[in-house]
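Notes for the one structure printed next.
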Amino acid sequence: MEGMAAGLPMIVTDAGGNAELVKDGERGYVVAPERPDALAQAMLRTIADPARARRMGEAARRFVEKELTLERMIDGHDRLYRRLVPGARAAKVA
């Protein structure tokens, strides 16, 4: 997420939540885990086309600005906790 926030095109393995953050071909490249050849190819594609890499980095930054805000994170956690704890009320924030 930090790289995306910095406007960089991402090259990640399809592990954990990486593929949810980095839409392959849009905000960077997602490659299969334990495939160093695929990782190298993604790096070479990124280096070979700086204009596309720049567009991917810009798309990554826009995604972070829109989808990964503190407000959205708080709202998501609040909704999750309310589903898990029936009858829970929101705490008042000072």
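The values are calculated or read from the model by the stated rules, or taken from the named source; none is laboratory data. Computed from a predicted model, the values in this text were never measured in an experiment. Note that each Cβ is placed from the backbone with ideal geometry, even for glycine, and that neighbours are counted across all protein chains shown.
Filtering region 1-56 to residues that are of a type in the set (D, E, K, R), surrounded by fewer than 19 Cβ atoms within 10 Å (Cβ to Cβ) and within 17 Å of the chain's Cα centre (by Cα) leaves E2, D14, E20, K23, D24, E26, R54, R55. Residues in region 43-74 that are more than 18 Å from M4 (Cβ to Cβ) and outside any helix (DSSP H, G or I): D49 only.
Kindly list the number of the only condition in (1) small (G, A, S); (2) under 19 Å from G3 (Cα atoms); (3) in a loop (DSSP other than H, G, I, E, B) that fails for A40. If we test A40 against (1) small (G, A, S); (2) under 19 Å from G3 (Cα atoms); (3) in a loop (DSSP other than H, G, I, E, B), just (3) comes out false. Taking the condition at pLDDT 95 or above, small (G, A, S) and surrounded by 11 or more Cβ atoms within 10 Å (Cβ to Cβ), does A59 pass? When the stated conditions are applied, A59 passes them. Pairs meeting the criteria (first residue in region 75-94 and at pLDDT 80 or above and part of a helix (DSSP H, G or I), second residue exposed (fewer than 10 other Cβ atoms within 10 Å of the Cβ) and of a type in the set (G, A, S), beta carbons under 6 Å, at least 6 apart or on different chains) are lacking. Within region 1-24, the set of residues being without any contact (Cβ under 8 Å) to a residue 12 or more places away in the chain and of a type in the set (G, A, S) comprises G16, G17, A19.
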